[in-house]
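Asks: Take this structure, written in C-alpha cells, and hold onto it; I'll ask about it next.
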Amino acid sequence: MPEPRGPVSEWVVARLASYRPSALPRPPDTPSTLDDEAIALWTLHELSYQGFEDATELAESDPDVSRTRFRLEATLESRLRERWVRVAPTPAEVPEALEQLAAQDAGPSLADHVRRHADADQVLEMLRQRSIYQLKEADPTTWVVPRLPTRAKAALMELQFDEYGNGNPNRLHAHLFARGLDAVGLCADYGAYVDGALPETLELNNALSMFGLNRRLRGAAMGHLAAFEMSSSIPARKIAQGLDRLGLAGPMSAYYDEHVEADAVHEITAAHAICGTLAEDEPDQAAEIMFGAFTCLDLEGRMAGALLDSWRSAA
Amino acid sequence: MSENDIPHADVVLQPHGPMLIRGAATVQDEDGVVHPVERPVVAVCRCGKSSRLPWCDSTHKLIPRG
C-alpha cells in the first residue's frame, strides 16, 4: 500500500492491513489536506481493482471503510461540481457540445511540451504520473457497461474491445503501456509510482474511479470517456514525435502511435454512438455527460499545469 | 419487428470527419497498396491531410470548416 500522507490515509492503510472488526479507532471524519484525502481515496478505490498484497480482501465491504470512501467521494464530487462551467445541451445537441468543449479546451498541453522541448527526465516523470492510470487503462469505464441502455452498451463494448486488444493480450493497451515503461527503463509494476503521484494525478484517477463505481454517475463516466478520446489522437502523435526526438522510440512510442489511429475512431464512437444515444434514451443524462467531459479536460489540464510548473521552477 | 430494429450501418460517413468501416480485413489505398486492418472499426481519412493515410489521425479537426 502507499505511504500515508496524513491522518486519513494513515487510518486507511492501518485499517486495510489488519482486518479485525472494531480493532481500530473510528476513521477520522474531519477534513484533512487534499493530498491526504486523495491518496486515501485512491487506496480505497484500488480495493475494487487489483487490491494490495498487504491489504485484506475483506476490507472492500467493511462498513467503516465504505463510509470513509463515500465521505471522501462526496467531498471530491462537490469540488468537481463547483468547478464545472455548466452547460445543458438538449440530448440531440450532446455530440456537438462535446466536440465544442474539446475544441475550445485551452488548458496547458503536455503533448506540445513533450513534442518540442521536454528533456528525457521530464518525459520519464510524465510517464510515471501517467502510469497510475495507464496501467489500468479502460478499466474504470468497463464498470459502466451493465448500466447503459442497449445502443450505448453495444457501442461501449465495441470501443472497450479495442482497448483490451480485440482478444489479443499483446495488443491490450495497458499491456502496451507496461511494455513501454519497461523499454524506457521504468518499473512496469502496477501502482509502482503511486508514492510520487501528484495530488492532481490522484484527483484525476479518483474522479475516474468514482464515475465508474457509481451507477448514479454513469453519464459523467461516459462524458469523461468522450472528452478523453477527443483529446487523445492529436496529442498522442505529438508525444510519439517527442519520444522519437529523445531517442525513446520503440515500445513506448508504439503505444502512443497505436492511440493516434485507435482514438480517431474512439472519439467518434464515444461522442455519437455512446454519449449521443445515452442522452437520447435517458435525457436527464445530457447535463451529466457534459459534467464528466468538463471534469476530464479540467483535471487533465490541472495535472499538466502542475507538471509544467514544477519543471519551470526547477529550470 | 424486423431482424434489425436498431439502425446500424457497417460503413458510416462522419460529417466533417472520416469514413468509419466496421469489419473490414483490408483497405486498398489510391496507389493500389493494400493495408491490413487490425481493429474492429477503422477510420479512413476523407480530408486527405492525415499523416497516416489511408487512416484518419484526427487532423481534420484542425482544418477550419468552410
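FYI, it's all coordinate maths here, none of it is from the lab. Since the model is a prediction, treat every value here as computed from it, not as a measurement. Glycine gets a Cβ as well: all are built from the backbone with ideal geometry, and neighbour counts include every protein chain shown.
Asks: Explain nothing, just compute: Karplus ³J(HN,Hα) = 6.51 cos²θ - 1.76 cosθ + 1.60, θ = phi - 60°, for every residue of the stretch A:45-54 in order, whole Hz, x for Gly and Pro.
Replies: 5, 4, 4, 8, 9, 9, x, 10, 4, 9
Asks: For the stretch A:241-315, divide the Cα radius of gyration by the Kirkwood radius and give the resulting Rg/Rh value with two decimals.
Replies: Here Rg/Rh amounts to 1.14.
Asks: Hey, what's the Cα Rg ratio for the protein assembly as shown versus the globular rule of thumb, 2.2 N^0.38 Å?
Replies: Compared with the compact-globule rule of thumb, the protein assembly as shown sits at 1.00.
Asks: Can I ask one more? Note the direction-averaged projected area, equal to a quarter of the hull surface, for the Cα convex hull of the stretch A:41-130, in nm².
Replies: Its Cα hull, projected and averaged over all orientations, spans 9.7 nm².
Asks: At a Förster radius of 45 Å, what calculated FRET efficiency corresponds to the Cβ-Cβ distance of residue B:19 and residue A:85, to the nearest 0.05?
Replies: 0.85
Asks: Suppose R0 equals 25 Å. What FRET efficiency, 1/(1 + (r/R0)^6) with r the Cβ-Cβ distance, do residue A:119 and residue A:306 give to the nearest 0.05?
Replies: Once rounded, the FRET efficiency stands at 0.90.
Asks: If neighbour count is taken as other Cβ atoms inside 10 Å, put A:18, A:78, A:109, A:233 in order from fewest to most.
Replies: Result, fewest neighbours first: A:78, A:18, A:109, A:233.
Asks: Rank A:14, A:240, A:40 by mean-square fluctuation in a GNM of chain A with C-alpha springs under 10 angstrom and give only the top-ranked residue.
Replies: Most flexible of the set in this elastic network: A:14.
Asks: Cut-off 16 Å, label point 7 angstrom out along Cα-to-Cβ of residue A:112: give me the residues of the stretch A:217-251 whose amide nitrogen falls inside.
Replies: Inside the label zone: A:231-232, A:234-239, A:242.
Asks: Right, another one. Rounded, prolate or oblate: which fits the stretch A:267-311, taking a ≥ b ≥ c as square roots of the Cα gyration tensor eigenvalues, rounded meaning a/c under 1.5, else prolate when a/b beats b/c?
Replies: In terms of gyration-tensor shape, oblate.
Asks: Mind giving me the FRET efficiency for residue A:92 and residue A:154? R0 is 25 Å, r the Cβ-Cβ distance, nearest 0.05 is fine.
Replies: Here the calculated transfer efficiency is 0.80.
Asks: Another question, then. Could you list A:289, A:39 so that the one with the fewest beta carbons within 10 Å of its beta carbon is first and the one with the most is last?
Replies: Placing the least packed residue first, the sequence is A:39, A:289.
Asks: Rg/Rh for chain B: what does it come to with C-alpha atoms and Rh from Kirkwood?
Replies: My calculation puts Rg/Rh at 1.05.
Asks: Same structure again: Using a Cα-Cα cut-off of under 27 Å, which lysines could be cross-linked to residue B:61, ignoring same-chain neighbours fewer than 8 residues away?
Replies: Answer for residue B:61, where 27 Å is the Cα cut-off: A:153, A:238, B:49, listed by chain and number.
Asks: Given a cut-off of under 8 Å on Cα pairs at least six residues apart, what relative contact order in percent is computed for chain A?
Replies: 25 percent
Asks: To the nearest 20 debye, what charge dipole does the stretch A:88-314 have about its Cα centre, counting +1 at the Cβ of each Lys and Arg and -1 at the Cβ of each Asp and Glu?
Replies: Taking the Cα centre of the stretch A:88-314 as origin, the dipole is about 320 debye.
Asks: Which cross-chain or sequence-distant (5 or more) residues have an amide H under 5 Å from the amide H of residue B:27, H modelled 1.01 Å from N in plane?
Replies: B:35, B:37
Asks: When the Karplus curve 6.51 cos²θ - 1.76 cosθ + 1.60 is applied with θ = phi - 60°, which whole-Hz ³J(HN,Hα) does each residue of the stretch A:109-119 get, with x for Gly and Pro?
Replies: Working through the residues one at a time gives 10, 5, 4, 4, 5, 5, 4, 10, 10, 4, 8 Hz.
Asks: Averaging sequence separations of C-alpha pairs under 8 Å and six or more residues apart, then dividing by the length of the stretch A:7-81, give the relative contact order as a whole percent.
Replies: 38 percent
Asks: Turning to a different aspect of this structure: Could you let me know the centre-to-centre spacing of the stretch B:4-43 and the stretch A:185-212, using Cα atoms, in angstrom?
Replies: If you average the Cα positions of each part, the centres end up 35 Å apart.
Asks: If neighbour count is taken as other Cβ atoms inside 10 Å, put A:161, A:228 in order from fewest to most.
Replies: Going from sparsest to densest Cβ surroundings: A:161, A:228.
Asks: Once you have all Cα-Cα distances for the stretch A:88-314, histogram them in 10 Å bins from zero and send the whole-percent values.
Replies: Each 10 Å bin holds this share of Cα pairs: 8, 34, 38, 17, 3, 0.
Asks: Once a ≥ b ≥ c are taken as the square roots of the eigenvalues of the Cα gyration tensor of the stretch A:128-180, is the result rounded (a/c under 1.5), prolate (a/b larger than b/c) or oblate (a/b not larger than b/c)?
Replies: Oblate shape, in that a/c is at least 1.5 and b/c is the bigger or equal ratio.
Asks: So, one more: So which residue, out of A:255, A:193, A:49, gets the largest mean-square fluctuation from a GNM of chain A using Cα contacts under 10 Å as springs?
Replies: Of A:255, A:193, A:49, the Gaussian network model singles out A:49 as fluctuating most.
Asks: Stretched out fully, how many nm does the piece from residue A:281 to residue A:190 gain, at 0.36 nm a residue minus the Cα gap?
Replies: This chain segment gains 29.0 nm when fully extended.
Asks: Here's a follow-up. Along the principal axes of its C-alpha atoms, what lengths does the stretch A:7-81 span, in descending order and rounded to whole Å?
Replies: The Cα atoms of the stretch A:7-81 stretch 35, 26, 19 Å along their principal axes.
Asks: For labels at residue B:26 and residue A:142 in the simple 7 Å Cα→Cβ model, what's the distance in nm?
Replies: According to this spin-label approximation, the distance is 3.3 nm.
Asks: Any idea what the relative contact order of chain B is, in percent, if you count C-alpha pairs under 8 Å spaced at least 6 apart?
Replies: Across chain B, relative contact order equals 25 percent.
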